[in-house]
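Q: Encoded as structure tokens, here's the structure I'll be asking about.
Nothing in this text is a laboratory measurement; each read-out follows from the coordinates by a stated rule. Quick caveat: nothing in here was measured; it's all calculated off a predicted structure. All Cβ positions, even for glycine, are placed from backbone atoms using ideal geometry, and neighbour counts span all protein chains on display.
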Amino acid sequence: MNEKDERDRAHPFPHSEEDLVRADRIADTPQTRAPAYRLAFADQDFLLREELRPIRLQLELLKPQLVLDERGIESTVVMFGGARIPAPEQADVARTKTLAELSKYFEQARRFAYMMTERSLKTYGREFVICTGGGPGVMEAGNLGAHEAGGQSIGLNIVLPHEQAPNEYVTPDLSFNFHYFAIRKMHFLMRARAVTVFPGGFGTLDELFETLTLIQTHRMKPIPVLLFGQEFWDKIIDWKALADAGTISDVDLSLFQYVETAEEAVEIIDNWRDTGT
């Protein structure tokens, strides 16, 4: 604990770090070796108990929130998209012909992130900070664009059965890891000023429909939701059929817009308040 921490404390009781050190120095006896004797906040076995899930949920919500607040980040621009979409120079080894063709959106994602980060730098990195899932593909393109523009970007990774390290362009101090998908989703949208959705798979679709549902049900204020690649989206989702069936309203089709280029997306975000949307 440094001198500033000591001055900022609002009470005279011992700091938890001090007691953690003291507990490690105590005599080695059958009593002190017993799990019951461990300090609760330092007892991993205790923290991982089934009954402690509500506490772990709270911790996953709180930790990134505190870090982002301390970094002064007020708003983000979220980039969802497929982890399997290759960079253009790797399109020739893509698993399918369609993936190879979708590599053009890697470049659009990189360019979009670059342009938005230029705007973020004008606010000293407080507004319009790029936020991705921290992985490869479109996510890497987003973090790469922010890095090339000289700004910071956020990566919200999640523990998966197969190993997945954050891509190398996420700002290290803003690289987070999650256990709970639900809390990760909250952090994607809590500061979002716009959401861009590039072609992707189940995860991308899940994130898209979560966002649209929150806006549709007025659980979230309307923000630009921009889908890159109309041909892709119209092929996999028959939006009009949903409206014709009455399972959504015609007005719900205006909750998102199609774009093809980074420039189109940036223009919509820049003019969002002027559109009356």
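Q: Under the Kirkwood approximation for Rh and a Cα-based Rg, what ratio Rg/Rh is obtained for the chain? Don't skip to the answer; put the middle values down first.
A: Values: Rg = 22.3 Å, Rh = 21.0 Å.
For the chain, the value is 1.06.
Q: What are the semi-axes of the equivalent ellipsoid of the stretch 105-239, taken as the square roots of 5 times the eigenvalues of the Cα gyration tensor, listed largest first and rounded to whole Å?
A: Whole-Å semi-axes of the equivalent ellipsoid: 22, 18, 16.
Q: Binning every alpha carbon pair distance of the stretch 192-271 at 5 Å from zero, what are the percents per bin?
A: Percent of pairs per bin, in order: 3, 14, 25, 27, 22, 8, 1.
Q: Dipole of the stretch 73-272, Cα-centred, from +1 at each Lys and Arg C-beta and -1 at each Asp and Glu C-beta, to the nearest 20 debye?
A: Numbers: 17 positive and 26 negative charges, 98 e Å.
Computed about the Cα centre, the dipole is about 480 debye.
Q: Please compare each pair in 122/185; 63/221; 185/221 to a cut-off of 18 Å on the Cα-Cα distance and tell me which ones are over it.
A: Details: 122/185 27 Å; 63/221 24 Å; 185/221 16 Å.
Table pairs above 18 Å Cα-Cα are 122/185; 63/221.
Q: Determine the sum of side-chain charges near residue 169: Lys and Arg each +1, Asp and Glu each -1, restricted to other residues whose C-beta is under 11 angstrom from that of residue 169.
A: On the way: positive: 110; negative: 140, 148, 168.
Charge balance in the 11 Å sphere: -2.
Q: Using +1 at the C-beta of Lys and Arg and -1 at the C-beta of Asp and Glu, which of 245, 115, 216 has the Cα lying farthest in the positive direction of the dipole of the chain?
A: Value: 216.
Q: I need the shape label for the stretch 83-166. Rule: rounded when a/c is under 1.5, else prolate if a/b > b/c, else oblate, with a, b, c from the alpha carbon gyration tensor. Before the final figure, lay out the partial values.
A: Values: a/c = 3.27, a/b = 1.49, b/c = 2.20.
Oblate.
Q: Near residue 97, which lysines are there with a Cα under 26 Å away, not counting those fewer than 8 places off in the same chain?
A: 235
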